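The values are calculated or read from the model by the stated rules, or taken from the named source; none is laboratory data. This structure is a prediction, so every number in the text was calculated from the model and none was measured. Backbone-built Cβ (ideal geometry, glycine too); neighbour counts: all protein chains shown. Each accessible area value is taken on the protein alone, full model and side chains, heavy atoms only, with ligands, DNA and RNA left out. Shrake-Rupley method; radii C 1.70, N 1.55, O 1.52, S 1.80 Å.
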Amino acid sequence: MSDTNQMPREEGIDHSLSLIREGYMYIMNRHRSFNSNIFETRLLGKKAICMVGKAAAEVFYDTEKFKRKDAAPNRAVQTLFGKNGVQALDGQDHKHRKEMFMSIMSLEGLQSLTDITKKQWKFALNKWEQMDEVILYEEVKEILCRTACYWAGVPLEESAVKKLTKDLAAMFESPAAVGPNHWLGRNARNNVEKWIGGLVEKVREGEVNPPENTALHQFSWHRDLEGNLLDNQTAAVEVINILRPIVAISIFINFTALAVHHHPEEKKKLETCDEKYAQMFVQEVRRFYPFFPFVVALVKKDFIWNDYKFEEGTLTLLDLYGTNHDPETWDNPDAFSPDRFAEWEGSPFGFIPQGGGDYFMGHRCAGEWVTIEVTKVSLDYLANRMEYEVPNQDLSYSMVSIPSIPHSKVVLENVKRKL
Ligand code: HEM
């Protein structure tokens, strides 16, 4: 008699098309129909396991059971991640590289980022007062491109801001795209890697001197476990691992604007400018709205979990959106309610908009605190420091397109600074 059970299995040759068609809901739909937090399917022509929920996240982030090398599909590597970056490392190599990232996430580092972000919002507001309408998503990407470069020590000419913003955004807007948009993403990555790789070389030759605590400085001089500097391209990939996702926070900020607009009662609470409430609001934005759908890994060696056999090499997907909406963890998960975070116990596996587990030992997002702080500054502007009208527009958002962004990108009119 076998001592393992067969996982619920989606029959058929391949379901990659269903994943594309159902987007954020692909895993949740099957989780509901199988009534199971785990099922087997076939993706990209191979057997794959999909999981959702806190307990599943706990096993997924066990580095004895899963590895990241060769797990991400090539189209995501060519656009979103880049080659040889921290995302695809395992074991000691990963830990050592991750320490490089976490070294710039100090309290002082985050304070300096907050100051830069505030300044950039202030400049933008001056400009927006002169504009008939502001397409918030596009404008915020530019704010964040400037913010990211100042903070990372990357010299940026004003004339290059628009192009760089477009290239960095193409990297996160394109991974799930097919055809020309996918190629836009690839070209964008090639351009930016070449430029940043050149800067790394100049830092090493003493021609460019970014402040010591910045990503450009730290990553240019980082040594691997053998004592070697990173090659130029890998250093560039890692600097871009700071710039690109900071620009991507524009998606959460677009959803923050949507939440403020759709919940006028919340706006009143935010006016008191209570830091704790602002934090709860931002956490709820990160939980509630769709952004990063799932993360992927490969089974490192055979193991059994909950009587199910995981075979070495099997592609495994952990549903982030679904876990953040799992009724076993969240009361009334489809309601937007910042108050749920008042007494939240802080599980590293139940609330995983940017991955779960441990920052140093695992692959949890290195920029989670950066994201929270930058979104808090932006929330303060949107709720307290400016007046604006939200004209009629299509504020709906797709649960299929990845990444999802409100269709109108949130258009504002008559923007004025509040005195
Ligand atoms: C814009 C909002 C963001 C979202 C939704 C997001 C989401 C994620 C997710 C889902 C992961 C993968 C977790 C895993 O593989 O288990 C990740 C990893 C990572 N993120 Fe973010 N992230 C965001 C912002 C940032 C920011 C602002 C930075 C840097 C300043 C950043 C840097 C990284 C890095 C370096 C990794 C790789 C960590 C590793 O492999 O160990 N992210 N992020």
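Numbers below:
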quantity	calculated
Residue among MET51, MET105, SER36 farthest towards the positive dipole end of segment 1-128, charges placed on Cβ	MET105
Per residue accessible area of segment 16-417, 1.4 Å probe, in Å²	44
Positive-end residue of TRP121, ASN209, TRP195, charge dipole of the chain with Cβ unit charges	TRP195
Carbon and sulfur %, accessible surface of segment 16-417 computed with the full protein complex present, 1.4 Å	51
The chain: relative contact order as a whole-number percent, Cα under 8 Å and 6+ apart	25
About the Cα centre, charge dipole magnitude for segment 16-417 (Lys/Arg +1, Asp/Glu -1 at Cβ), debye	900
For MET386, distant residues with modelled amide H under 5 Å away	LYS418
Space enclosed by the convex hull of the alpha-carbon atoms of the chain, per residue, Å³	147
Sparse-neighbour loop sites [GluC sites (Glu not before Pro); segment 113-213; at most 10 other C-beta within 10 Å; DSSP]	GLU157, GLU207, GLU212
P(r) weight above 27 Å for segment 88-229, C-alpha pairs, percent	32
Structure-based [θ]222 nm, the chain - -39500 (n - 2.57) summed over DSSP H runs of at least 4, per residue, nearest 500	-14500 deg cm²/dmol
Cut-off 12 Å between beta-carbons: net charge of the residues surrounding LYS98, Lys and Arg +1, Asp and Glu -1	-1
